[in-house]
Amino acid sequence: MEKIQEKRTNWVNGIDSIRFVLAFIVLLSHLHDPFVDVLKAQHSTVGYIAGVLLNHMFCGAAAVSAFFVISGFVIHYPNRHKSELAVILFLLRRWLRIGIPLTVICAVAAHYRLLGSLPLWSLYCELIYYTVYPVLFRLKVSWKTILYLSFAVSFLFILLFIADEHHLLVSHRVFFRGARWYLAMAIISFPSWVLGVLLAIHADDLKGEVSRLKIWTYRLFIFGLSTVFLAMKMHLHINFSYSLVFYSLILYKWLAQEIIYYRTHNASPMVEYLGKFSYSVYLCHSLCFALIAYFFANTVYTWLAYILLSMALSYIAYLLVEYPSHRLAQKVSYRIAAAQKKS
């Protein structure tokens with residue numbers, strides 16, 4: 001039993017490590033790299049090509065797709081063998097853990113008129129998924145069927161989204177804006193989240209061995225493919241909104257290999273710890289950039305300082321806001337569960 005628990009702990013820690021890497025990719029995707037300008041300004045083909053490649057290196061939207069798959073996995077794994085779900089306790093835990101840091105950081109950003117810098121759309125999607133999860137959990141329909149239906153509906157909304165963009169170009173009639181846009185993005189991205197649920201269902205049954213060479217081959221392939229999607233967005237105007245949902249199918253396969261890998265390999269303790277405040281990094285980094293910009297510009301001499309200071313400020317936000325919200329969510333759920341048992 002202890003051996004099984006140790007293996008499970010390994011891959012849980014591995015998931016935390018992956019979360020940090022994804023949050024860090026999002027951070028780098030939102031911070032302009034001044035070295036790109038320097039390289040592209042070189043009077044040499046090699047320098048210019050290096051600058052172009054560097055400019056396509058980090059795709060934050062692809063990392064968000066991976067976050068969605070991981071979120072569905074983390075939410076469903078503890079409930080995969082349950083026939084019933086404590087709905088109120090579940091919603092309280094999830095909404096408090098996500099909602100409190102979100103509210104506090106939004107208030108700070110609004111005070112400095114920087115609300116638009118926050119990556120709110122994906123967090124709104126998460127809150128929607130948490131809310132509909134108990135409903136789907138109670139349905140007498142398999143999660144595989146839900147996945148097929150979600151892909152069908154997602155594809156329909158992708159077509160509507162493309163048509164809406166066409167209207168914007170020819171007649172300025174736009175339907176998917178404001179709250180409708182957030183809801184449309186949640187629907188389009190929902191298959192990615194359901195894939196995470198399916199991964200949780202099959203996680204204990206995953207077979208085989210994954211070597212260090214194999215897992216790094218997967219990682220480099222996933223990273224390289226994300227740069228292709230970024231290039232498609234920048235040069236072919238293929239919107240992330242309707243391209244990355246298909247990328248999640250490959251993410252599913254990759255994360256399955258990560259779970260197998262971390263059954264027999266330990267995660268890096270440092271990266272694992274950094275993963276504990278990956279949510280704060282994701283939520284705060286753009287706000288941190290804007291605040292740091294009040295003091296000095298982002299140049300080749302200060303680019304690393306922007307990254308380090310943003311990480312430090314995000315960690316402070318974790319200690320002051322995110323971690324206490326986790327503790328509060330746990331205490332509230334424990335007290336409610338204890339009161340229900342007494343009654």
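Looking at (1) within 17 Å of the chain's Cα centre (by Cα); (2) farther than 23 Å from A267 by Cα, which is the only condition L199 fails?
(2)
Any chance you could count how many residues in region 138-151 are surrounded by 15 or more Cβ atoms within 10 Å (Cβ to Cβ), over 15 Å from L199 (Cα atoms) and of a type in the set (A, V, I, L, M, F, W, C)?
Quick first cut of region 138-151, residues surrounded by 15 or more Cβ atoms within 10 Å (Cβ to Cβ) only: 143, 146-147, 150-151.
Cutting the leftovers down to over 15 Å from L199 (Cα atoms) gives us 150-151.
Going one step further and asking which of them are of a type in the set (A, V, I, L, M, F, W, C), we end up with 151.
Number of matching residues: 1.
Against the definition (surrounded by fewer than 19 Cβ atoms within 10 Å (Cβ to Cβ), of a type outside the set (A, V, I, L, M, F, W, C) and more than 22 Å from L136 (Cα to Cα)), how does K40 come out, yes or no? Before you say what the answer is, go through the steps one by one.
On the way: surrounded by fewer than 19 Cβ atoms within 10 Å (Cβ to Cβ): yes; of a type outside the set (A, V, I, L, M, F, W, C): yes; more than 22 Å from L136 (Cα to Cα): yes.
Against the criterion (surrounded by fewer than 19 Cβ atoms within 10 Å (Cβ to Cβ), of a type outside the set (A, V, I, L, M, F, W, C) and more than 22 Å from L136 (Cα to Cα)), K40 qualifies.
With the structure loaded, tell me whether I88 is at pLDDT below 95, assigned to a helix (DSSP H, G or I) and either touching a Lys or Arg at 6+ places or on another chain (Cβ under 6 Å) or farther than 30 Å from N266 by Cα (or both) or whether it fails that test.
Working: at pLDDT below 95: yes; assigned to a helix (DSSP H, G or I): yes; either touching a Lys or Arg at 6+ places or on another chain (Cβ under 6 Å) or farther than 30 Å from N266 by Cα (or both): yes.
Here the answer is yes, as I88 does meet what is asked.
With the structure loaded, tell me whether L236 is at pLDDT 95 or above and more than 19 Å from the chain's Cα centre (by Cα) or whether it fails that test. Before the answer, list the steps.
On the way: at pLDDT 95 or above: no; more than 19 Å from the chain's Cα centre (by Cα): yes.
When the stated conditions are applied, L236 does not pass them.
Yes/no matrix, rows are residues, columns are (1) part of a helix (DSSP H, G or I); (2) surrounded by 17 or more Cβ atoms within 10 Å (Cβ to Cβ); (3) of a type in the set (F, W, Y):
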site	(1), (2), (3)
E209	no, no, no
W216	yes, no, yes
V228	yes, no, no
H235	yes, no, no
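Checking S83 against (1) under 30 Å from K341 (Cα atoms); (2) in contact (Cβ under 8 Å) with a residue 40 or more places away in the chain, only one condition comes out false. Which one?
It is condition (2) that S83 fails.
If you check every pair at least six apart or on different chains, which have Cβ atoms under 7 Å apart with a residue in region 114-129 that is farther than 16 Å from V69 by Cβ first and a residue that is of a type outside the set (A, V, I, L, M, F, W, C) and at pLDDT below 90 second?
W121/Y182; Y124/Y182
Considering each of F58, F68, F137 in turn, give the residue that is in contact (Cβ under 8 Å) with a residue 12 or more places away in the chain, in a loop (DSSP other than H, G, I, E, B) and either on the phi < 0 side of the Ramachandran plot or not small (G, A, S) (or both).
On the way: F68 fails: in a loop (DSSP other than H, G, I, E, B); F137 fails: in a loop (DSSP other than H, G, I, E, B).
Only one candidate qualifies: F58.
Where residues in region 286-314 are of a type outside the set (A, V, I, L, M, F, W, C), touching a Phe, Trp or Tyr at 6+ places or on another chain (Cβ under 9 Å) and touching a residue at least 24 places away in the same chain (Cβ under 8 Å), which of them is farthest from L22 (Cα to Cα)?
So the residue we want is N298.
Just checking, how many residues over region 100-113 are touching a residue at least 40 places away in the same chain (Cβ under 8 Å) and surrounded by 16 or more Cβ atoms within 10 Å (Cβ to Cβ)? Give the derivation first.
Of region 100-113, the ones touching a residue at least 40 places away in the same chain (Cβ under 8 Å) are 100-102, 104-105, 108-109, 112.
Subsequent filtering for residues that are surrounded by 16 or more Cβ atoms within 10 Å (Cβ to Cβ) retains 100-102, 104-105, 108-109.
Within region 100-113, residues that are touching a residue at least 40 places away in the same chain (Cβ under 8 Å) and surrounded by 16 or more Cβ atoms within 10 Å (Cβ to Cβ) number 7.
Mind checking which residues of region 115-126 are among the hydrophobic types (A, V, I, L, M, F, W, C) and either crowded, with 18+ Cβ neighbours inside 10 Å or in contact with an Asp or Glu (Cβ under 7 Å, 6 or more places away or on another chain) (or both)?
The first filter runs over region 115-126 and keeps only residues among the hydrophobic types (A, V, I, L, M, F, W, C), leaving 115, 118, 120-121, 123, 125.
Correct list: L118, L123, C125.
Of the residues R113, R93, which single one is among the basic types (K, R) and on the phi > 0 side of the Ramachandran plot?
R113
Look through region 140-163, keep the residues that are part of a helix (DSSP H, G or I) and of a type in the set (S, T, Y), and return whichever of them is farthest from the chain's Cα centre (by Cα). Give the derivation first.
Taking region 140-163 and keeping what is part of a helix (DSSP H, G or I), we get 143-163.
Next, from what is left, pick out any that are of a type in the set (S, T, Y): 145, 148, 150, 154.
Values: T145: 24, Y148: 22, S150: 19, S154: 18 Å.
That would be T145.
Which one is nearest to W193 (Cα to Cα), of the residues in region 233-276 that are polar (S, T, N, Q) and touching a residue at least 24 places away in the same chain (Cβ under 8 Å)? Walk me through it before giving the result.
Keep residues of region 233-276 that are polar (S, T, N, Q), which gives 239, 241, 243, 248, 257, 264, 266, 268.
Next cut, touching a residue at least 24 places away in the same chain (Cβ under 8 Å) only: 239, 241, 248, 257, 264, 266, 268.
Values: N239: 19, S241: 15, S248: 9, Q257: 18, T264: 26, N266: 26, S268: 26 Å.
Applying the filter and picking the extreme gives S248.
The values are calculated or read from the model by the stated rules, or taken from the named source; none is laboratory data. Predicted model only: the values in this text are computed from it and were never measured. Cβ coordinates were reconstructed from backbone atoms using ideal geometry, including for glycine residues, and neighbour counts include every protein chain displayed.
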